[in-house]
Structure formats: structure tokens, C-alpha cells
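Notes follow the structure.
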Amino acid sequence: MSDVQIVTADPRWALEFDAFAADLRSTLGPLAVRIDHIGSTSVPGLDAKDVIDVQIGVADAADLAGVCAALAVVGHPVTPDARDHPLAGTALPEPAWTKGFATQRPGQRRANIHVRVVGAANFRYALLFRDYLRQHPAAAAAYAAFKRQAAALLPDDTATYADLKDPVCDLICLPAQDWAERSSWTGDHTHPPPQYDAFAAEFEQHARVSPYNASYDRPALLDLLGDVSGRRVLDVGCGPGLHATELLARGALVSGFDESPEMVRLARARLGSTCDVRVARLGESLDWLADASQDVVVMALVLHHVDERVDALRELHRVLRPTGRLVVSTTHPTADWRRLGGSYFTVEAIDETWQADWQVRFWRAPLERWCAEFADAGFVIERLVEPRPVPALAVSDPDRYQQLMREPGFIAFRLAKASA
């Protein structure tokens, strides 16, 4: 096997990083301010060498040395005084590009470990490179094509292959700098990991046939959308692409995003090149979408997972045309009240385990709170629907059918932009 071999993107890379990072945390404790998955294996769908790149962020140069020493003690081969290439056109002092470097210890999967000071230029570079490619699939595809050609030319020369990549990475980071300024990107990433990432494949199988999804929520939302032929539809929190598949079949021009890289990978596998799907977090800038560029936005069972709901809704308001519509579903407030008890008017975040081991966080709130947030974001309710299950459910799952005919589980809204 050659030293430089580009393989097809593997969804297991994210899980393998999680396991590798957990081992590092147990070794390093508070010395590691943060541990991030970086490099090509951190970008969903990007072909790469089968080597996980890990960035350990530390507080200062002293902790950098401490981490390198701790890694060496447990068997990682370490170079404590390594150096990254400076970004072309910059004149930053040497410490901005210094790092510690290590590889996997015996018995572990292949990995490169980069130890950098949080906030240093090379620390920021790695995160910006990753996040820009996650948000720009065309750039990621071009980078993958370059890597395959370079690997074919230099199959046994890892050092020259790496040197050849450096200016290409710089060419990617130059527009990424502009993107970071426009989108207020900081690389802080203080948000928790996307909660659906850990069980994305299980959720895909569940949502495809689940009575609540396939026979209740999804039909109701598609009915609220009406005729979408030839219309630009943005699928927010697109998950594995189940709604997008239906929308494409009805003639819509679909794009979508989800904060879970693994969900995005599943959606891309399902949809192929028919749909632009990317990783993005609802509540932050959707900078790749122009003002008034979308005819319809659909958001199925997503909003109750969002903390910054009004900010998220305002950004969706921005990208909708003046005559556009936002169709959104969420848990029916009375369903949460019946199940959780307490006051119907309680507004609180709930942490629960769904299915066997899906750790999720969501918000319960009364109907008046949801309506107030729609209004605060500039929307008016055009139609409110308390769905009924499709008749076929009466045959396949009669007990669930009768329950949903008596007690609403979800609620759906079609929202229009309020008049100025």
C-alpha cells in the first residue's frame, strides 16, 4: 500500500475521533482546553487519507510543553517543537506557527495530533479551514480532486505531498478569511456537539417508517406547503433528507442544512447532486443565502431543539421573499404538559433519553410563547394545523392511530411575513 492513499469519506471517522478524543481527555485532564476534530476527515463527504487529525488547544506555551510531555509518557511519539507553515502573505512572529506534534500510540488507529495554543494563528487556521469546507461543498469537492491527483503523482512521498498541499490550503483559507468576517465566525465553538450526530443512522431508519414521522408529521407539513413545483425551498434541519426527497419529487428546487455533520452525510448520500446540503447551525448567520432568495422554508420538528429561537427565525425571515412562507412543526404544547406535568405555562429546557439511548435536549413552552416568538421575528400565522394521522395508520398501527385522533402530538404552522 502506498504512503499517500486517498480513500472515500468514511462516516466512522467522526465516531473514531470521539473515541480518540475521549482517550486524550482522560490522559490530559485540564491541560487540554479543548480537543477538536480537524483536517479532511472532519469534513462530511470529503475523501481523505485514513488518518484522523486532532487538534488539542492549550492555554499557553508552558501547557503546550506539558501536553507533549504527558503524551510521551503514555506512549505517543512526540515532536515537541514542530512548526506549521505560515499562511502566505502574513508576517506574524514565529510563535504564531509553533506547535507540538504527535501520532497514535501503539495499538491505536492512525492519527496526527497537533498541540496548539488557543487563539494562535495556526490554531485558528485549522478551524477556519475545516468550517469553511463544511459550509462550501464545491470547494471541498475541488480540494478532494486535487488531493487525488497529487496522491497519484506522489504515492510514496508523504513529505512532498504535504508541501504541495500547503499553498492549496492557503488558497482555500484566503476566501475563508472573507467568509469569516461576513459571517462573524470566531472559531470559538462553545456550543455542545450536535445531539443527533451520535445516533444519526438509527434516526434515519426510525424516521423513515415511524408513525409519528411518516404517517403524521411529514404528510401534514407537505400538505401545508402546497404546490412547490419550480419554487426554491430551504429545508432547515434537513436530517437525513427525507423531506427533501419528497420535495424534489414534487418539482421543488431544494437546498438544506443541518448542524449534524453525520446527518448531512446521510442526506448527501440519499440526494446525490440534486440538492445542496451543508453543515450549519440554526441561530447563526446563513451567510451563503442572499436576502429574499427563498420561496419557502420548511422546518420539521426542529424549533423546539433551538435555544436562540427568535434569532433563528429572524434569519429565516431575512432569506424569505416578501411573499414567501415558513412552514414549521413542533411538539404540541399540550402533549408536553400531559407527559411532563406541572404548569402548562412552564417554559424550560428538558434533557431526556429517547428510544434506548438517544440523549436529547428540547424546550417545552405554552402556545402563547411560540406565537409571541413568531411575532417577534416578524411573522404572522396564516394557518395553524393540529394534524391527524393518515388513514393507513389505522390498519398498520390501530392503537397509535386512535391515540393521535384523540390527543394531538404535534402542531404545525404556516407563517407569512408581517406587513411593514
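The values are calculated or read from the model by the stated rules, or taken from the named source; none is laboratory data. No experiment lies behind these values; they were computed from the predicted model shown. Every residue, glycine among them, receives a Cβ derived from its backbone with ideal geometry; neighbour counts consider all protein chains shown.
Restricting attention to the stretch 316-333, the residues that are within 11 Å of residue 415 (Cα to Cα) and β-branched (Val, Ile, Thr) total 3.
Summed over the stretch 334-362, the residues that are within 29 Å of the chain's Cα centre (by Cα), over 16 Å from residue 302 (Cβ atoms) and in contact (Cβ under 8 Å) with a residue 60 or more places away in the chain give a count of 4. Scanning the stretch 142-161 for residues that are free of Cβ contacts under 8 Å to residues at least 12 places away in the same chain and more than 12 Å from residue 172 (Cβ to Cβ) yields a count of 6.
For the stretch 30-67, a residue qualifies if it is surrounded by 19 or more Cβ atoms within 10 Å (Cβ to Cβ), over 19 Å from residue 259 (Cβ atoms) and of a type in the set (D, E, K, R), and the qualifying residues are 47, 49, 53, 63.
Restricting to the stretch 398-420, what's the tally of residues that are buried (at least 16 other Cβ atoms within 10 Å of the Cβ), out of contact with any Gly (no Cβ under 7 Å at 6 or more places or on another chain) and among the charged types (D, E, K, R)? The qualifying residues number 2. The numbered conditions (1) over 17 Å from residue 43 (Cα atoms); (2) part of a helix (DSSP H, G or I) are all true for residue 138 except (1). The criterion of at least 1 residues that are of a type in the set (Asp, Glu) and either in the same structural domain as residue 209 (by TED's automatic domain parsing) or under 19 Å from residue 327 (Cα atoms) (or both) is met by the following helices (runs of 4 or more DSSP H) wholly inside the stretch 345-412: 367-376, 398-406. Across the stretch 131-142, not a single residue is classified as among the hydroxyl-bearing types (Ser, Thr, Tyr) and modelled with pLDDT of 95 or more. Scanning the stretch 224-253 for residues that are of a type in the set (Asp, Glu), closer than 21 Å to residue 317 by Cα and touching a helix residue (DSSP H, G or I) at 6+ places or on another chain (Cβ under 9 Å) gives a single hit, 235. In summary, strands (runs of 3 or more DSSP E) completely within the stretch 31-135 and bearing 3 or more residues that are in contact (Cβ under 8 Å) with a residue 24 or more places away in the chain occur at 34-38, 52-58, 98-103, 111-117. In the stretch 281-336, the residue that is farthest from residue 379 (Cα to Cα) out of those that are of a type in the set (A, V, I, L, M, F, W, C) and assigned to a loop (DSSP other than H, G, I, E, B) is 288. Take residue 127 and decide whether it is farther than 16 Å from residue 24 by Cβ, of a type outside the set (Asp, Glu) and out of contact with any helix residue (DSSP H, G or I) (no Cβ under 8 Å at 6 or more places or on another chain). Judged against the criteria, residue 127 is a match. Looking at this structure, is residue 17 part of a helix (DSSP H, G or I), surrounded by 19 or more Cβ atoms within 10 Å (Cβ to Cβ) and touching a strand residue (DSSP E or B) at 6+ places or on another chain (Cβ under 7 Å)? Judged against the criteria, residue 17 is a match. Exactly one residue among 65, 9, 21 is under 19 Å from the mean Cα position of the chain (by Cα) and more than 23 Å from residue 143 (Cβ to Cβ), and that residue is 21. Once the stretch 184-239 is narrowed to residues that are under 18 Å from residue 256 (Cα atoms) and hydroxyl-bearing (Ser, Thr, Tyr), the residue that is modelled with the highest pLDDT is 229. Considering the stretch 41-92, and only residues there that are of a type in the set (S, T, N, Q) and modelled with pLDDT of 95 or more, the residue that is farthest from residue 12 (Cα to Cα) turns out to be 79. Return the residues of the stretch 268-292 that are out of contact with any Leu (no Cβ under 9 Å at 6 or more places or on another chain) and hydrophobic (A, V, I, L, M, F, W, C); say none if nothing qualifies. Selection gives 269, 279, 288, 290.
Across the stretch 210-248, the number of residues qualifying as hydroxyl-bearing (Ser, Thr, Tyr) and closer than 17 Å to residue 270 by Cβ comes to 2.
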